[in-house]
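Below is one structure, written out as structure tokens; the observations come after it.
The values are calculated or read from the model by the stated rules, or taken from the named source; none is laboratory data. From a predicted model like this one, the values you see are computed outputs, not experimental measurements. Glycine gets a Cβ as well: all are built from the backbone with ideal geometry, and neighbour counts include every protein chain shown.
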């Protein structure tokens, strides 16, 4: 009787099959993640019309400060210059080479006025022949104002002052002069504010146009009032005159400011800003 011995051989699976399975798992995961991201994107697109950003009060005040104040403010300058010599047929001239500013008045350092009338013009001329007593190391201050609506941050609106000596006749003489300190004064220009709110002879700028140009949120509202503390007159108001809904929080800000005219005369103001 023959005896048969069975032998078993363990067959090992090829290594490549294992990696193929892992690769398939990665592909499935990538497809699932891609579909999930597409779903989330579509979800945001669908719900976007009802979605809005909650604006903080301080952000709303910043928008108004950054737009309203520069829009109605002016930059009046006081230009100091020194004449060390001025005699004979010589003339000292102060001018703005950019032709953006005009001069409204000229005073000595002690406050003595050397001008009369409404305005000096685009240049200040000092004739050495007319100086009485003769000028010798005298300090002068010329007030200067923008010829047109001043735009903050626009280099085309700034002046470039120059002082020079020239002859006025065939005679001789001495002349020496130089620029000193140029001081800036900021405040509301009444005419700029009148243009915004529509005081005669200007037409009122619509509230919606103002709000949009300033980048103020459509879901929010604001009211700005400017009260002249030195005169009995109605406050100037920038508003849509809407009634504040019940249950809405109204945030307020108040600060003191000034009107400036071209002679650098000042009137005290109170500015109130409300947002909701």
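Has the range 127-138 got any residue that is closer than 20 Å to residue 264 by Cβ and surrounded by 12 or more Cβ atoms within 10 Å (Cβ to Cβ)? The answer is no, given that none of the residues of the range 127-138 is closer than 20 Å to residue 264 by Cβ and surrounded by 12 or more Cβ atoms within 10 Å (Cβ to Cβ). For the range 239-256, the candidate set comprises residues that are touching a helix residue (DSSP H, G or I) at 6+ places or on another chain (Cβ under 8 Å) and in a strand (DSSP E or B); within that set, the residue that is surrounded by the most Cβ atoms within 10 Å (Cβ to Cβ) is 253.
Looking only at residues of the range 225-238 that are surrounded by 10 or more Cβ atoms within 10 Å (Cβ to Cβ) and more than 16 Å from residue 194 (Cβ to Cβ), we find that the one that is nearest to the chain's Cα centre (by Cα) is 229. Taking the criterion of being at pLDDT 70 or above, assigned to a helix (DSSP H, G or I) and under 28 Å from residue 265 (Cα atoms), would at least one residue in the range 23-44 satisfy it? No; the residues of the range 23-44 include none that is at pLDDT 70 or above, assigned to a helix (DSSP H, G or I) and under 28 Å from residue 265 (Cα atoms). Candidates in the range 151-168 are the residues that are surrounded by 12 or more Cβ atoms within 10 Å (Cβ to Cβ) and farther than 14 Å from residue 124 by Cβ; of these, the one that is modelled with the lowest pLDDT is 168. Among the residues making up the range 190-209, those that are surrounded by 13 or more Cβ atoms within 10 Å (Cβ to Cβ), without any contact (Cβ under 8 Å) to a residue 60 or more places away in the chain, farther than 19 Å from residue 250 by Cβ and under 20 Å from the mean Cα position of the chain (by Cα) are 191, 194, 195, 197, 205.
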